[in-house]
Amino acid sequence: MQSRRRVSENPIKLKSQKIMNPINIEDTKQQLREFVKSYQRPLHGKFAILSPLRDELIELDAKGAKSADIAAILAQFQITVSKDTVARFLRIEKQNERKKPTTPTARKTMLPRILPPNQK
């Protein structure tokens, strides 16, 4: 038979929670906003190795080097990655390059059209 929980057994204790006053909330929002502006997702694995070489890898790709060729060139410098990893890295970097934010265009203000008196 199932037992019913009483309200007093609720694990959340509202009375002991610290209630933030508006000053604390604004300080917290400001600190969080600053953190968010400077946050960059940490790179993991092979991308962390390839990231510092981004410009050189994109230049090799622009000159027509295939992913397998780039992987072989990197192997000469003791950087072991597969051709698939190089291809994935270049594809993602090209997508990120296209998505760079641009300055928004100025919106034209639309003025109300004045109708002749006979068309109202």
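Think of the range 46-98 as having a plus end and a minus end, set by charges on the Cβ of Lys, Arg, Asp and Glu; of Ala72, Val86, Leu57, Val86 sits farthest toward the positive end of this dipole. By the count of neighbouring beta-carbon atoms within 10 Å, fewest first, Ile25, Ile73 end up ordered Ile25, Ile73. In this structure, Tyr39 and Arg113 have a Cβ-Cβ separation that, at R0 = 41 Å, corresponds to a calculated FRET efficiency of about 0.30.
Going by C-beta contacts inside 10 Å, put Glu56, Glu93, Glu34 in order with the fewest on the left.
Final ranking by Cβ density, sparse to dense: Glu34, Glu56, Glu93.
Residue by residue, the range 46-52 carries 3J(HN,Hα) couplings of 5, 5, 5, 6, 7, 4, x Hz when phi is fed to the Karplus relation 6.51 cos²θ - 1.76 cosθ + 1.60 (θ = phi - 60°); x denotes Gly or Pro. Label sites at Thr28 and Asn96, each approximated as a point 7 angstrom past Cα along Cα to Cβ, lie 3.2 nm apart.
I'd like the projected area of the range 46-98, averaged over all directions, using the convex hull of its alpha carbons. Report it in nm² with one decimal.
About 3.2 nm², averaged over all directions.
Restricting the chymotrypsin sites (Phe, Trp or Tyr not before Pro) of the range 31-67 to loop positions (DSSP other than H, G, I, E, B) with no more than 11 neighbouring Cβ atoms within 10 Å leaves Tyr39. Go through Lys37/Lys63; Lys37/Lys94; Lys29/Lys94 and tell me which ones have a Cα-Cα distance over 28 Å in this structure. Correct reply: Lys37/Lys63; Lys29/Lys94. The calculated FRET efficiency for the pair Phe47 and Ala72, based on their C-beta separation and a Förster distance of 22 Å, comes to about 0.70.
Read the figures in this text as sums done on the coordinates, not as results from a lab. Please read these numbers as outputs of a predicted model, since none were measured by experiment. When we count neighbours, we look across all protein chains shown, and the Cβ atoms used for this are built from the backbone with ideal geometry, even at glycine.
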